[in-house]
1. Could the peptides 341-347, 121-127 be put in order, highest first, of the mean number of other beta-carbon atoms found within 10 Å of their residues?
2. Per Stokes-Einstein, at 37 °C and 0.692 mPa s, what whole-number D in µm² s⁻¹ belongs to the range 102-179, with the Kirkwood radius over Cα pairs as the hydrodynamic radius?
3. Using per-residue counts of other Cβ atoms within 10 Å, averaged over each peptide, order 206-218, 173-185 from highest down.
4. For a bin width of 10 Å, list the pair-distance distribution of the range 221-261 built from all Cα-Cα distances, rounded to whole %.
5. May I ask you to order 93-101, 153-161, 79-87 by the average number of other C-beta atoms within 10 Å around their residues, highest value first?
6. Sorted from largest to smallest, which semi-axis lengths in Å does the alpha carbon gyration tensor of the range 246-390 give for its equivalent ellipsoid, taking the root of 5 times each eigenvalue?
7. Starting at the first residue of the range 150-157, write each ³J(HN,Hα) from the Karplus equation 6.51 cos²θ - 1.76 cosθ + 1.60 with θ = phi - 60°, in whole Hz, x for Gly and Pro.
8. Please give the length that would be gained between Asp377 and Asn55 if that part of the chain were fully extended, namely 0.36 nm times their separation in residues minus their C-alpha to C-alpha distance (nm, one decimal).
Amino acid sequence: LNRRLAEFGTTIFAEMSALATSTGSINLGQGFPDTDGPLEVREAAERALREGRGNQYPPGPGVPELRTAIADHQRARYGLDHDPDTEVLVTAGATEAIAASLLALVEPGDEVIALEPYYDSYAACVAMAGGTRVPVTLRPQRDPRGGGGRYVLDLDELRAAVTPRTRLILLNTPHNPTGTVLSRAELTAIAELAVERDLLVVSDEVYEHLVFDGAEHVPIASLPGMRERTVTIGSAGKTYSFTGWKVGWTTASPELTAAVRSAKQFLTYVSSGPFQYAIAEALRLPDAYYEGLRADLQAKRDLLGEGLAQAGFEVYRPQGTYFVTTDIRPLGSGDGFAFCRSLPERAGVVAIPNAVFYDHREAGAPFVRFAFCKRTDVLQEAVDRLKRLG
Ligand code: PMP
Ligand code: GLN
């Protein structure tokens, strides 16, 4: 293994899912739903397979039906106008979109700012691109009235992290693992900084539809001066609960799209042929689908969050995503790694230590992430087990 990748080892998600299987534990680690997305979308995939649509290499940028549906989605939801032919690119999940964006846009030695804790592929992709990652740490802030705190971005810290070598800011909102949804005011400040310092933004918005309590998801590309300097990333895995299909996409200016496509064509070239047609149909689902998804997940967030609080965890109530971050110090441990390694044995539950998402490991040490995109009975059983931890 080369020096660029040597530090990364096996992803925590594979390690913890294997642990869940070998110990027969409830897997609240890796984020994937235990209920598949809408039947009508699965039937659309079946039809495409049967009718021979997408069984051979689809077009490099993605099938036109899907690119048009993505452009329509961005226009209808966010007022963002993108030409499906030159400004939309279908990728093998958001994972490839992230990799291709960084490989295409980062020169060796460039600095890439990412909000820490960050999704684990960011660090590896910055490294593969030969860039240097510059983490800006989101800080946990307790709610003085109780009821769950929030992770906040210190805008001064972000400004101070920009240097003449900074090439881009890698954003993620709604944010994995903290569940923070960046506000319009925070995003406006980031946009102003990007314009002032002439930075690109790669904005990972895979959880765009998973927001709670009426929180608003704002794509940074919709803010003044940002459309031309932003690559926005979406994923059908998250929005429609088909993580195995690996259908993701980018929307960006023709120049940025062409750049990302240059890298993408040598990574996978194309992927997921028949599933692309099915996701084109999924993108036409009525608003009721998204409202139902949000209501279901919000109830699950509350079930798991309240259960974890009763079990003694300090809970940071997520405004978005399907993850909840907890502080385990009230349970007498400050080491999330050790805690997660022993949790299957002690309670029959698997979770993820947030420290893996940090360069400043000590800042993440006492935090542990649980996924709540699981059936209600599964979450209830996990809560019952965790309450017996004591
Ligand atoms: N970005 C974030 C923040 C994620 O949580 C995930 C899913 N784990 C991805 C990207 C990858 O998405 P996909 O499954 O579409 O590759
Ligand atoms: N995005 C999922 C998570 O954060 C996992 C994806 C993966 O396993 N690569 O849990």
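Taken together, the values in this text are just the output of simple stated rules run on the coordinates, not laboratory data. Everything numeric in this text was worked out from a predicted model, so none of it was measured. Virtual Cβ from ideal backbone geometry, glycine too; neighbours counted across all protein chains shown.
1. On the way: 341-347: 16.6, 121-127: 21.4.
Those peptides, ordered most packed to least, come out 121-127, 341-347.
2. Numbers: Rh = 13.4 Å.
Value of D from the Cα-based Kirkwood radius: 245 µm²/s.
3. On the way: 206-218: 19.1, 173-185: 23.6.
So the order, starting with the most tightly packed, is 173-185, 206-218.
4. That works out to 29, 39, 29, 3, in percent per bin.
5. Numbers: 93-101: 25.0, 153-161: 14.3, 79-87: 16.2.
Averaged packing, sorted descending, gives the order 93-101, 79-87, 153-161.
6. Numbers: eigenvalues 255, 93, 37 Å².
The equivalent ellipsoid of the range 246-390 has semi-axes of 36, 22, 14 Å.
7. Ordered by residue, 3J(HN,Hα) equals 9, 8, 10, 8, 8, 5, 5, 5 Hz.
8. On the way: separation 322, 0.36 × 322 = 115.92 nm, distance 3.78 nm.
Once the chain is fully extended between Asp377 and Asn55, it gains 112.1 nm.
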